[in-house]
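What follows is a set of notes on a single structure, which appears directly below.
The values are calculated or read from the model by the stated rules, or taken from the named source; none is laboratory data. These numbers were taken from a predicted model, which means no experiment stands behind them. Glycine also receives a Cβ, built like all others from the backbone with ideal geometry; neighbour counts cover every protein chain displayed. The protein model used for the area step is the full one, side chains on, heavy atoms only, and it has no ligands, DNA or RNA in it. Shrake-Rupley method; radii C 1.70, N 1.55, O 1.52, S 1.80 Å.
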Amino acid sequence: MDKFVIHGGGKLRGTIMVGGSKNGTLPLMAAALLTKGVTSISGSPHLQDVATMSNVLRVSGARVYGKRHELKIDTATCNHFEAPYDLVKTMRASFYVLGPLVARYGRARVSLPGGCAWGPRPVDLHLKGLEALGAQIKNDHGYIEARAKYLVGATFEFDKVSVGATAQLVMAATLARGVSRLVNTAKEPEILMLVQMLRKMGAQIQELPDGLKITGVRKLKPVHITVMPDRIEAGTYIAAATLAGGSLRIENCPIDHLSAAMDVFSRAGAVMKKAGPRVLVVQGPKVIKPMEISTAPFPGFPTDLQAQLMAVLSMARGTSIITDTVYHDRFTHVAELKRLGADISVSGNSAIIQGVASLTGAEVMATDLRASAALVIAGLRARGTTKLDRVYHIDRGYEHIEEKFNAVGARIERIKEAM
Ligand code: UD1
């Protein structure tokens with residue numbers, strides 16, 4: 001398992017480039033299963049999660065190939081409608097294939113994803129929604145078996161906003177017979193990109209004030225799509241500049257998807273200037289200001305930037321409170337930030353952060369993807385050396401983050417260790 005050794009204390013200066021969206025790419029890959037032929041996806045990030053989804057698709061018989069940042073998925077040979085535990089347990093988004101498989105082939109057997117580092121993460125909305133579309137769902141020893149001669153359009157209201165369940169049901173409904181109305185859907189940019197791809201494939205999807213109306217079609221065609229930049233990666237760089245100081249020019253930055261994040265880091269004291277349609281210049285503040293803030297579904301402040309914001313506020317002048325309304329237990333980074341000297345306590349789904357004057361390097365452990373991003377940026381600011389173990393978590397969602405940070409003045413070494 002690789003480790004990072006982060007020599008902290010320096011400011012960041014220079015240009016950093018945002019890659020393609022990880023969370024955007026995964027549902028597009030699953031959507032390829034809705035059609036027969038070669039789907040091509042440009043700008044896909046070269047990440048472990050994308051490799052895992054490629055393997056999930058390969059199990060179904062699809063051919064996944066192509067160059068770095070250029071995926072091709074050929075579904076002409078799909079003949080096995082299963083996603084095994086070994087793959088699904090490492091990446092929850094593998095569950096996305098359930099809806100497309102049952103919609104196109106009438107059956108699917110997909111392992112339940114189980115919990116994750118920050119508590120149970122149910123899939124009840126995915127299953128209830130598919131049942132509403134007429135699928136028969138059975139839980140057989142941890143595998144969900146779904147069957148339907150064909151899916152039938154229906155109205156389904158999400159009692160909670162869910163990105164994954166929205167993606168699952170939009171995909172499934174495109175091939176259902178009749179009209180579906182999905183109410184209280186997620187509005188994340190990744191969902192809008194999926195809708196854009198499905199429309200290009202021939203799906204009939206209409207946006208409603210409170211959701212989506214989908215008129216099922218018999219067949220979809222394979223298409224080419226380009227992935228948008230990763231808003232969470234960009235937000236991580238904004239957080240890094242805010243905490244470590246200096247000035248970062250963030251290129252390929254999806255500014256339109258970052259309003260809430262830009263607002264929050266500006267409140268913390270960062271100065272941001274748009275220098276082009278996808279260029280944001282961020283200058284770190286002398287003094288970080290505390291705040292009270294809650295995460296929320298888009299367009300709110302994303303839970304995927306909560307840990308990075310907490311690293312920043314750990315050095316604010318005063319007390320901050322961060323409440324995570326999306327994932328109530330998403331605080332595994334708290335114990336690790338405390339090893340660096342942060343003063344944080346957790347009460348229910350809120351973290352109370354008393355700003356400290358300095359952070360000091362220590363040995364810490366990455367517990368999940370965004371928690372590890374928070375520890376990297378805290379390590380950039382901390383005095384001395386931070387050793388971060390289990391960086392495979394960060395490799396799931398950031399392409400060579402150490403090289404990108406080193407190019408703007410950071411000093412991060414990757415220590416390769418044999419398994
Ligand atoms: C996606 C993102 C993840 C992000 C999250 C919230 C991907 C691959 N992952 O995850 O990075 O943190 O959105 O923005 O895009 N829930 C249920 N029942 C369900 C499904 C969800 O109760 O069937 C709950 C979850 O426990 C959570 C909330 O709904 O409290 C939102 O989860 P959801 O939006 O579904 O997250 P994911 O799609 O898994």
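The slack between Arg147 and Arg121, meaning 0.36 nm per residue of separation minus the straight C-alpha distance, is 7.0 nm. Just the accessible area per residue of the chain, please: how many Å² with a 1.4 Å probe? That works out to 40 Å² per residue. Remark: for residue pairs Lys128/Lys200; Lys67/Lys219; Lys187/Lys338; Lys89/Lys338; Lys187/Lys289, the C-alpha separation exceeds 32 Å in Lys187/Lys338. The translational diffusion coefficient of segment 22-226, from Stokes-Einstein at 10 °C and 1.306 mPa s with a Kirkwood hydrodynamic radius over alpha carbon pairs, comes to 97 µm²/s.
Descending by average beta-carbon neighbour count within 10 Å, the peptides 67-78, 42-53 line up as 42-53, 67-78, the highest first. Cα axis of helix 48-59 to longest principal axis of the chain: angle in degrees, 0 to 90, nearest 10? Long axis of 48-59 versus the principal axis of the chain: about 20 degrees.
A cut-off of 5 Å between modelled amide H atoms, ignoring neighbours fewer than 5 places along the same chain, links Gly269 with Lys289. Per-residue extension of 0.36 nm, minus the Cα-Cα distance of Arg63 and Lys416, leaves a gain of 124.0 nm for this segment. Report the percentage of all Cα-Cα pairs in segment 22-84 whose separation exceeds 16 Å, rounded to a whole percent. For segment 22-84, the fraction of Cα-Cα distances above 16 Å is 34 percent. Across the chain, counting alpha-carbon atoms alone, Rg and Dmax equal 21.4, 63 Å.
Give me the net charge for the shell around Glu207: Cβ to Cβ below 11 angstrom, other residues only, Lys and Arg +1, Asp and Glu -1. That works out to +2.
Taking all C-alpha pairs of segment 112-219, those more than 20 Å from each other amount to 39 percent.
Pop out the carbon and sulfur fraction of the accessible area of the chain as a percent, whole number, probe 1.4 Å. The C+S portion of the solvent-accessible surface of the chain is 50 percent.
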